[in-house]
Amino acid sequence: MEKKIAWNKYDEETKKEVFSFNEDYKEFLSTCKTERECADFIIDKAEKAGFKDINSMKSFKAGDKVYAINQSRLLILFKIGKEDIAEGMNIIGAHMDAPRLDLKQNPLYEDDASKTVLLKTHYYGGIKKYQWVTMPMAIHGIVCKKNGEDVKVSIGEKDDDPIFGISDLLIHLSKDQMQKTLSEGITGEGLNVFIGSIPKEDESDKEKTSAKQTVLDLLKDKYDIEEEDFVSAELQIVPAGKARDYGIDRSFVAGYAHDDRVCSYTMFRALMDMETPEKTCAAIFADKEEVGSMGATGMRSKFFENVCAKIQKGLNNEVYDSIALRDTLQNSAMLSADVNVGYDPNFPEVTEKYNTAFLGKGAAFAKYTGSRGKGGSSDADPKFIAKLRKILDDADISYQTAELGKVDQGGGGTIAYILAEYGMDVIDCGVAVHSMHSPLELVSKADVYETYRCYKEFYEKYK
Ligand code: MN
Ligand code: MN
């Protein structure tokens with residue numbers, strides 16, 4: 001059974017629509033380099049479309065549009081449906097966090113010998129470290145000051161902004177490095193980011209100069225922040241620059257953090273472009289997926305459940321009914337919206353071609369994830385999959401199977417198992433990606449569009 005390439009079915013008009021949808025997606029990907037920036041972007045657009053902060057509402061009714069956010073980076077959007085919520089919701093959940101280099105708490109130092117100024121980092125998520133050197137990088141994030149002020153930082157994206165980066169050893173002197181494995185050639189503690197080198201003279205002692213002082217002066221001048229403020233900051237080093245068309249036919253989008261902003265965006269658009277649904281629909285934009293979904297903003301926090309409790313109460317004349325909440329969660333259906341492995345002709349040996357996803361064949365469904373005998377995976381119910389097949393086939397949406405590589409090759413997980421713990425139906429469904437977790441990931445524009453249609457159809461039609 002072979003699935004067709006989605007491009008084959010498009011007439012000229014649909015093809016234009018595919019490309020135009022991807023222009024919007026590229027803007028999102030280029031503008032939002034951190035989970036906070038994603039949340040800001042989504043809330044701004046949602047508020048303009050009539051979504052209200054859950055904390056400003058007490059009762060809810062069909063047609064209401066609600067959002068809830070925790071610590072500026074775990075975001076949930078709801079469209080309240082016409083049906084009793086205890087019959088279950090249609091939920092899609094993606095994650096906004098992506099692999100990157102986080103600044104340490106005390107990051108700034110001047111190297112004794114070279115007198116250059118660098119920033120210490122601790123990488124976040126699974127990265128192949130050698131991919132992150134000799135790359136144009138930007139700094140994004142937030143510095144929270146003692147006086148209560150939050151300073152937003154974004155340097156390296158505008159054409160005339162400086163960029164940052166990490167050096168690699170010249171090939172001429174790499175005899176020893178080249179003998180090391182790919183995981184050892186660049187070390188975690190070696191991922192130090194260059195930030196400055198012009199020395200400043202010490203006013204009391206002309207012999208003494210400090211390039212670190214120059215950097216601190218600039219930070220004070222431009223952002224009104226002191227070195228101590230790094231302690232209460234969340235600053236990320238991410239690939240600089242915009243998402244771009246890739247390929248002479250412009251069939252791909254290349255960019256940083258398709259994983260998992262491509263599912264975040266397509267899910268967001270699916271929810272926005274839909275009229276008041278039958279079932280209440282929820283879009284979860286989670287954080288911390290790349291490091292195990294822990295913490296206050298990870299999917300394993302109680303935030304989603306707590307927000308659902310508030311909605312249950314608000315729909316039930318302000319009476320909280322714990323059984324009705326449990327029914328709501330148990331009876332829900334969920335697409336765990338995360339990217340999957342796309343067959344890469346440069347590395348055919350790690351995938352199995354009858355079951356892997358291919359770029360261009362549509363939304364990629366993984367019945368299970370995990371590793372070594374499906375370890376750690378929530379395996380989807382075939383009855384659930386059959387119902388999804390019916391909806392997708394009726395709407396002529398391209399979809400395909402996916403798996404995280406050959407059996408025993410490696411593997412991975414998503415947030416699917418966390419929601420499955422409520423007893424609801426869950427399956428992984430997202431976009432196939434090349435070069436996942438690298439600074440320049442690749443997706444097919446056809447898959448972005450088909451996944452958007454798939455999510456929208458699920459919200460509107462799944463029962
Ligand atoms: Mn992911
Ligand atoms: Mn990932």
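The values are calculated or read from the model by the stated rules, or taken from the named source; none is laboratory data. The shown structure was predicted, so the numbers you read here are calculated from the model rather than taken from an experiment. As a convention, Cβ positions derive from the backbone with ideal geometry for all residues, glycine included, and neighbour counts pool all protein chains shown. Just so you know, the surface numbers come from the protein's heavy atoms only, side chains and all, with ligands and any DNA or RNA stripped out. Shrake-Rupley method; radii C 1.70, N 1.55, O 1.52, S 1.80 Å.
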Q: Run the quick spin-label model on Glu2 and Ser30: label points 7 Å from Cα toward the beta carbon, then report their separation in nm to one decimal.
A: 3.7
Q: Kindly rank 439-451, 211-223 from highest to lowest mean number of other beta carbons found within 10 Å of each residue.
A: 439-451, 211-223
Q | the range 95-108 - phi-based ³J(HN,Hα) in whole Hz, Karplus 6.51/-1.76/1.60, Gly and Pro as x | A | 10, 9, 6, 8, x, 5, 10, 8, 5, 6, 5, 10, x, 8
Q: Please work through the chain and write down the cysteines that have no neighbouring cysteine Cβ at a distance under 4.7 Å.
A: Cys144, Cys263, Cys281, Cys308, Cys429, Cys454
Q: Return one number: the angle in degrees, 0 to 90 and rounded to the nearest 10, between the long axis of the Cα atoms of helix 303-315 and the longest principal axis of the Cα atoms of the chain.
A: 40
Q: Quick one: angle between helix 35-48 and the longest Cα principal axis of the chain, in degrees between 0 and 90, rounded to 10, please.
A: 50
Q: Over the range 100-239, average the accessible area per residue using a 1.4 Å probe and give it in Å², no decimals.
A: 61
Q: Among the listed pairs Lys58/Lys152; Lys288/Lys461; Lys26/Lys445; Lys152/Lys220; Lys367/Lys456; Lys33/Lys367, give every one whose C-alpha distance is greater than 22 Å.
A: Lys58/Lys152; Lys288/Lys461; Lys33/Lys367
Q. By average Cβ neighbour count within 10 Å, what is the ranking of 112-121, 174-183 from highest down?
A. 112-121, 174-183
Q. Residue by residue, what Karplus-based ³J(HN,Hα) values in Hz, rounded to whole numbers, does the range 185-196 have, using 6.51, -1.76 and 1.60 with θ = phi - 60° and x for Gly and Pro?
A. x, 10, 9, x, 6, x, 7, 9, 9, 6, 10, x
Q | Amide hydrogen neighbours beyond the local backbone of Lys288, cut-off 5 Å, H modeled | A | Asp97
Q | Within the range 100-239: Cβ-based charge dipole about Cα centre, in debye rounded to nearest 20 (Lys, Arg +1; Asp, Glu -1) | A | 620
(Q) Considering only protein heavy atoms and a probe of 1.4 Å, how much of the accessible area of the range 278-405 is carbon and sulfur, as a whole percent? (A) 51
**Q.** Mean Cβ neighbour count within 10 Å, used as a protection proxy, ranking 280-289, 377-386, 338-347 highest first
**A.** 280-289, 338-347, 377-386
Q | 0 to 90° range, to nearest 10: angle between helix 382-394 axis and the chain longest Cα axis | A | 90
Q | Placed amide H near Met57: partners under 5 Å, 5+ positions off or other chain | A | none
**Q.** For the range 271-279, Karplus couplings with θ = phi - 60° (6.51, -1.76, 1.60), whole Hz, Gly/Pro x
**A.** 5, 5, 7, 10, 6, 3, x, 5, 8
Q.
For a Förster distance of 30 Å, can you work out the FRET efficiency between the beta-carbons of Thr14 and Lys82, rounded to the nearest 0.05?
A. 0.45
Q) Between the range 161-210 and the range 412-443, what is the C-alpha centre distance in whole Å? A) 35
**Q.** Centroid-to-centroid separation of the range 248-280 and the range 1-77 [C-alpha atoms, Å]
**A.** 6
**Q.** Surface share of carbon and sulfur [accessible, 1.4 angstrom probe, percent] for the range 100-239
**A.** 53
Q) In deg cm²/dmol, rounded to 500, what helix-only [θ] at 222 nm does the chain give when every DSSP H run of at least 4 residues adds -39500 (n - 2.57) and the total is split over its residues? A) -8000 deg cm²/dmol
**Q.** Simple label model, 7 Å out from Cα along Cβ direction - Met57 to Tyr223, nm
**A.** 3.6
